[in-house]
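The values are calculated or read from the model by the stated rules, or taken from the named source; none is laboratory data. Not measured: the values here are computed from a predicted model. These accessible areas exclude ligands, DNA and RNA; they are computed on the full protein's heavy atoms, side chains included. Shrake-Rupley method; radii C 1.70, N 1.55, O 1.52, S 1.80 Å.
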Amino acid sequence: MASVSRPGRPAAVVLPRTPGLGLGKLANALPSGRVLALAFGLLTAGLLAYLGARETSVFAVQSIRISGAPPRVASHVRAALAPLERRSLVGLDRNAVERRLSSLPDVAAATVDRDFPHTLRVAVIPAHSIAVLRRGPSAWIVSSDSRVIRTASRLASPKLPRIWVRRAATVDQGAAVGDTDAARAIAALATARRARFTARIATVRATDHELTFVLASGLELRFGDAVDLPLKLAVVRRLLPLVQGASSYVDVTVPERPVADENPQVSTSG
């Protein structure tokens, strides 16, 4: 009797074992307790050193060097920084110090740098005096950003233009000029300075629709409003050699058609 063969079981396939990171190897890969303790110790020592530098006189401010400021402004800056003397440079908040200095009425901006171990360096951009604000017998020097820099005598800074405000107007040192018309006049003077308008201006009058510069010679420059003021100033610059001494005013409300009282159609040519 022939034997019947039965189908055998399929042979087991042994897959190659992928090497992995077992628990033992993972444990070996982690830093040892000694390494962790050393790292933590270094971190703690660094933190303590930083805190110590903040609180001790190791890096205390002993010298304040001020650059870019005239003597009057430098004295105000030094007075504002006096509380920082003997304090550590390490914990110094430079942004806070710069904001404090920029709030001074005669400082436009300031930059503070720490020069270890004991020096604080301050670069100052002073506010530009642009006019003398007058209210009755009182006077103040104002800057090109409309801040009141300081009080002054009526005859102070004779080369600066005068701007008059109403007697009821409030003027506070260190604050922006609150009188709207005076602020317009200051803005017009700032534009003239940027345009390098060099004729000496004695007085400025301004409203929302009228702007007038009165020169030291007595000649009035009438601009209408302040729209296109740089263009109007350029026209006036060309006209001045032609009208000085011959006219009492020049009107450039329409800059393409300037008018002077002695010659109604002053030519801009030549």
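Some points to look at:
- With all protein chains in place and a 1.4 Å probe, the accessible surface of the range 124-198 carries 51 percent carbon and sulfur.
- Cα-based shape type of the range 189-234, given that a ≥ b ≥ c are square roots of the gyration tensor eigenvalues and the cut on a/c is 1.5: oblate
- Length available on full extension from S67 to E256: 0.36 nm per residue minus the Cα-Cα distance, which gives 63.4 nm.
- The residues of the range 144-253 expose on average 53 square angstrom of accessible surface per residue, using a 1.4 Å probe on protein heavy atoms.
- Net length available on complete extension from T111 to R166 is 16.1 nm, with 0.36 nm assigned per residue and the Cα-Cα distance removed.
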